[in-house]
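The values are calculated or read from the model by the stated rules, or taken from the named source; none is laboratory data. Fair warning: this is a prediction, and the values are worked out from it, not measured in the lab. Cβ placement follows ideal geometry from the backbone for every residue including glycine, while neighbour counts extend to all protein chains displayed.
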Amino acid sequence: MISAAVVDDLCAAVGRDRVRTSATELNLYKRDASTMDGSAGVVCFPTTTEEVRQCVLVAGRHATPFVARGSGTGLAGGAVPLDEAIVITTTKMNRILSVDAASCLAWVEPGVLNLDLTKHVAPLGLHFAPDPSSQQSCSIGGNVANNSGGPHCLADGVTSAHVIALEVVLADGQVVMLGGEDPEPDGYDLRGAFVGSEGMFGIATRICVRLSQNAPDVRTMLLDFATVEDGAETVSAIIAAGMVPAALEMMDKLCVQAVEAYIHAGLPTEAAAVLLVEVTGLPHGVAADVVRISAIGKQHGAGTVRIAQDEAERALLWKGRKTAFGAIARIKPNYYLHDTVVPRRKLPEVLNEVYRIVERHDLLVLNVFHAGDGNLHPLLVFDRREPGVMDRVHAAGEEIVRVSIAAGGVLSGEHGIGLEKRDFMPWMFSPVDLAAQAALRFAFDPDGLANPHKVLPSGSSCGDISHVPEGAWI
Amino acid sequence: MDLTAMAAEMGGDDPLTIEGAGTRGGRTPGVRCVTAPSGIDWIQADEMTVCCGAGTAVDALSMALAEVGQRVALPPGGTVGGALAVGRSGIRRLGDGPVRETLLQARYVDGAGEIVKAGGPTVKNVSGFDVCRLLVGSTGTLGFLGEVILRTKPLPASSQWFVAAAASDPFTLRRTLYHPVSILWNGATAWVLLEGDPADIEEQAVAGELTPVDDPPALPGPHRWSLAVRELQGLTKMAAGPFLAEVGVGIVHHSSPQPERPRDPAAEELRHRVKVAFDPSGRLNPAPS
Ligand SMILES: Cc1cc2nc3c(=O)[nH]c(=O)nc-3n(C[C@H](O)[C@H](O)[C@H](O)COP(=O)(O)OP(=O)(O)OC[C@H]3O[C@@H](n4cnc5c(N)ncnc54)[C@H](O)[C@@H]3O)c2cc1C
């Protein structure tokens, strides 16, 4: 149990009605969208930067760790509190503060949901480019902390490319502005360092994001292939031909079948793989790309090339991609979503390896992923009630990460390291590399109170001790 | 690329400086100077990545990339390491984005002579903290870049500079043109760079009343101002002397230096802590005494 003194101080900081300690609520806030559990000491809901600062000061005064939390949709355990930490939730900081259409930027509070911002600026012909599949529910603060991506980040870049300034409450309670509205703020790019810091460098309380112009013309195509290799080679060939489509997504057979049964979009359920390709821009360039992509697809054995004829058909094709997570519930009740990146040219080889691994562990896998940037998302589906299944899921997952690294890839493309992959970091980084990352964390938070025990394996950071939470897979 | 020689050269505890081509301010005078290796390790057009020594000339790299239909968003001249360490964009930033987006992986040598890797080789990567972003623009004060993997982009089908009609407002152009690569404005005239399909460029030029020109104007002076995008509109009142502003970006090329900007002491303290954490003895690129 967290001490009454901490709770009293938090009540003084944000008001009694915005501090929660009931067992039900602590249970709700001890996990995110991963399979891991921690333990929350107390949950508070500040509404202003000053209140966040007061909460952080309380944490410091009682030498108690704190965890920033947005919507809790993270998949790597980043928002899972350990050791009865103070959970500082940003859901009540959800105002869009200002929109400057002429400068293409907006200031938002961290709890603003990703899609709400895009909806808000749509009448201005603008959008917020990072579009995670969870965009209806994830917060922009969470996007910043995880440097999140989405299908349309192939051409436009991930969150870091769309955040220009951050107001941050550091772990010692100082409020600091990182980056700025001007293009070349003085000194080190601390804004860049903060993006992707998974809540370990402080809490972002105001965020200045770049907005992007909506494209005048959009064409969405669906290509189907008899083998996964043909589909994957088409991806490389499109890029090698000098095109960067706005999105280049792949779904394999099992996934297409699940989605089709769910939304009835007329998807080719016999194909081994389908590619969803979207090209955006000005009409002539878009038309030329559609022709070239169709030709490249045909050269690589595409069966049919379906081009959405209107906005309704386009929306339907995207619905297929975006509801994949809902569709899988028809196959098995539980899923474990992985996230690694490999060089595009290695996609065929690594995908085949993924199928072999999953077969060896007697599991099912659906692949639905950002093929354009080599970002794999093997989705292992299972029934948690089956005895021993979690061990097989974890063993298969670990092997998938290993083959990705062996193919010249990286641990995570967009979900982050969190707790999930913390102890895999040495597969990619030497002790010296990890010490540099620990040094950066130390500069931001010398006492290590902001979301401790995440990202960096024990031994690489200044004083972090290894701690494996109950039920966690490390 | 083997960095052991560079690391060995950086051993010891004396102050050190590094020089590329000396085009961007160069070394700290009076301090032992090292250089980074040069040469291209590989170019992978189908991955849109390139690996090279930090001492490689940007122009040589651009030529090699052009042969496979690719380009890199670094301003021309000098070395790759210098361009990254200084971190300043060229006049195409509106379309290309900032220099910091270019660096995917860096292997650098720190103040203790250790070879450190930051980032990763793939175009998308969130494994660990983003030390690469920190290195870009750090002017060699956190570590000396040895070998880098950069993001490349395909060369456009076509590329053309234009001058805007006398009455046209560059801020309106910024909103009405789709993804212009550059809009430069001197307070009276605007120049625009468009890239992409030739037929699209032509249609945009007609709609925006643009006339083709061979080149953009020369920069009016050596100074560089950094303003919020919206502040540019008041520039004619604010800035005495010739200027060339990058509309939509906020960089102003000017004949005189930018007036002093307010500083955030909390951010300065944090920067200092970063410097101390990375280079505790302060031997890397010390300020000139
Ligand atoms: C079905 C599904 C689909 C998904 N699809 C994608 C996808 O396509 N692409 C993708 O990138 N991700 C995806 N995700 C993962 C997740 O949605 C993203 O990582 C998202 O950005 C997390 O936002 P959140 O608000 O839920 O953050 P949380 O889960 O609450 O927190 C995530 C991390 O951010 C930190 N944090 C939160 N707010 C702040 C703040 N204000 N300041 C500092 N740190 C903070 C937390 O401490 C934690 O470490 C998906 C998740 C689900 C469940």
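For the reader, a short list of remarks on this structure follows.
- Tally of residues being crowded, with 22+ Cβ neighbours inside 10 Å and more than 8 Å from the ligand (Cβ to nearest atom) across segment A:78-88: 7
- Counted residues, segment B:236-258 - those being within 13 Å of another protein chain (Cβ to nearest Cβ) and surrounded by fewer than 21 Cβ atoms within 10 Å (Cβ to Cβ): 1
- Scanning segment A:156-168 for residues that are more than 13 Å from the ligand (Cβ to nearest atom), within 24 Å of A:Met243 (Cβ to Cβ) and in contact with a Lys or Arg (Cβ under 8 Å, 6 or more places away or on another chain) yields one hit, A:Ala161.
- Of all residues in segment B:76-87, those satisfying the criterion of being crowded, with 20+ Cβ neighbours inside 10 Å and not in a helix (DSSP H, G or I) are B:Gly78, B:Thr79, B:Gly87.
- For segment A:323-341, the set of residues classified as away from the ligand (no atom under 11 Å from the Cβ) and away from chain B (no Cβ under 14 Å) consists of A:Ala327, A:Ala329, A:Arg330, A:Ile331, A:Lys332, A:Pro333, A:Asn334, A:Tyr336, listed by residue number.
- Some residue of segment A:342-360 being within 14 Å of the ligand (Cβ to nearest atom) and either part of a loop (DSSP other than H, G, I, E, B) or within 14 Å of another protein chain (Cβ to nearest Cβ) (or both): no
- Those residues of segment A:198-220 which are more than 7 Å from the ligand (Cβ to nearest atom), closer than 25 Å to A:Ser412 by Cα and either of a type in the set (Ser, Thr, Tyr) or in a loop (DSSP other than H, G, I, E, B) (or both), in sequence order: A:Met200, A:Phe201
- Restricting the first member to segment B:113-126 and to residues that are touching a residue at least 12 places away in the same chain (Cβ under 8 Å) and within 10 Å of A:Ser412 (Cβ to Cβ), and the second to residues that are assigned to a loop (DSSP other than H, G, I, E, B) and within 15 Å of the ligand (Cβ to nearest atom), the beta-carbon pairs closer than 7 Å and six or more apart or on different chains are B:Gly120/B:Ser127; B:Asn125/A:Gly413.
- Top-ranked residue of segment A:171-180 - restricted to ones that are facing chain B (nearest Cβ under 9 Å) and surrounded by fewer than 20 Cβ atoms within 10 Å (Cβ to Cβ), ranked as farthest from B:Arg224 (Cα to Cα): A:Gln174
- Whichever residue in segment B:108-149 is among the acidic types (Asp, Glu) and farther than 18 Å from A:Ala161 by Cβ and, among such residues, is farthest from the other protein chains (Cβ to nearest Cβ): B:Glu147
- Residue count for segment A:114-155, restricted to those that are within 6 Å of the ligand (Cβ to nearest atom) and in a helix (DSSP H, G or I): 5.
- Taking each residue of segment A:60-82 that is in contact (Cβ under 8 Å) with a residue 40 or more places away in the chain and charged (D, E, K, R) and looking for partners that are more than 6 Å from the ligand (Cβ to nearest atom) and part of a loop (DSSP other than H, G, I, E, B) with beta-carbon atoms closer than 9 Å, six or more apart or interchain, yields A:Arg69/A:Tyr29; A:Arg69/A:Pro81; A:Arg69/A:Thr91.
- Segment A:404-429, residues that are touching a strand residue (DSSP E or B) at 6+ places or on another chain (Cβ under 7 Å), within 23 Å of B:Ala277 (Cβ to Cβ) and in a loop (DSSP other than H, G, I, E, B): A:Phe429
- When residues of segment A:309-322 are limited to those that are buried (at least 17 other Cβ atoms within 10 Å of the Cβ) and within 16 Å of the ligand (Cβ to nearest atom), the one nearest to the other protein chains (Cβ to nearest Cβ): A:Arg321
- Flag if A:Ala226 is small (Gly, Ala, Ser), more than 9 Å from every other protein chain (Cβ to nearest Cβ) and away from the ligand (no atom under 16 Å from the Cβ): yes
Yes or no, residue by residue, for (1) at pLDDT below 95; (2) over 30 Å from B:Glu209 (Cα atoms):
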position: B:Gly95; (1), (2): no, no
position: B:Ile115; (1), (2): no, yes
position: B:Pro121; (1), (2): no, yes
position: B:Leu134; (1), (2): no, yes
position: B:Arg175; (1), (2): yes, no
position: B:His179; (1), (2): no, no
position: B:Ala190; (1), (2): no, no
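- Filter result (within 15 Å of the ligand (Cβ to nearest atom), part of a helix (DSSP H, G or I) and surrounded by fewer than 22 Cβ atoms within 10 Å (Cβ to Cβ)) within segment A:52-65: A:Arg53
- For segment A:410-458, the set of residues classified as within 16 Å of the chain's Cα centre (by Cα), within 13 Å of the ligand (Cβ to nearest atom) and among the aliphatic types (A, V, I, L, M) consists of A:Ile417, A:Leu419, A:Val455, listed by residue number.
- Condition check for A:Asp100 on (1) over 12 Å from the mean Cα position of the chain (by Cα); (2) under 27 Å from A:Ser412 (Cα atoms); (3) among the charged types (D, E, K, R): one failure, at (2).
- Enumeration of residues in segment A:169-194 that are touching a helix residue (DSSP H, G or I) at 6+ places or on another chain (Cβ under 6 Å) and within 10 Å of the ligand (Cβ to nearest atom): A:Val169
- Filter pass, B:Val50 being over 15 Å from the mean Cα position of the chain (by Cα) and not in a loop (DSSP other than H, G, I, E, B): yes
- Count of residues meeting criterion [over 23 Å from A:Gly150 (Cβ atoms) and of a type in the set (D, E, K, R)] in segment A:277-312: 3
- The condition of being surrounded by fewer than 16 Cβ atoms within 10 Å (Cβ to Cβ), outside any loop (DSSP other than H, G, I, E, B) and not hydroxyl-bearing (Ser, Thr, Tyr) holds for B:Met63.
- Residue in segment A:30-40 that is in contact with a helix residue (DSSP H, G or I) (Cβ under 7 Å, 6 or more places away or on another chain), more than 8 Å from the ligand (Cβ to nearest atom) and small (Gly, Ala, Ser) present: yes
- Verdict on B:Arg230 being in the same structural domain as B:His179 (by TED's automatic domain parsing), basic (Lys, Arg), touching a strand residue (DSSP E or B) at 6+ places or on another chain (Cβ under 9 Å) and part of a helix (DSSP H, G or I): yes
- Cβ separations smaller than 8 Å between residues 6+ apart or across chains give the following pairs from segment A:442-470 residues that are over 17 Å from A:Gly418 (Cα atoms) and away from chain B (no Cβ under 13 Å) to residues that are modelled with pLDDT of 95 or more and in a loop (DSSP other than H, G, I, E, B): A:Gly463/A:Gly448.
Residues are listed down the side, and each one gets a yes or a no for (1) among the aliphatic types (A, V, I, L, M); (2) within 14 Å of chain A (Cβ to nearest Cβ):
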| position | (1), (2) |
| --- | --- |
| B:Pro156 | no, yes |
| B:Ser159 | no, yes |
| B:Ala166 | yes, no |
| B:Thr176 | no, yes |
| B:His179 | no, yes |
| B:Trp191 | no, no |
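- Failed criterion for A:Ala68 (all others in (1) near the ligand (Cβ under 8 Å from one of its atoms); (2) not in a strand (DSSP E or B) hold): (2)
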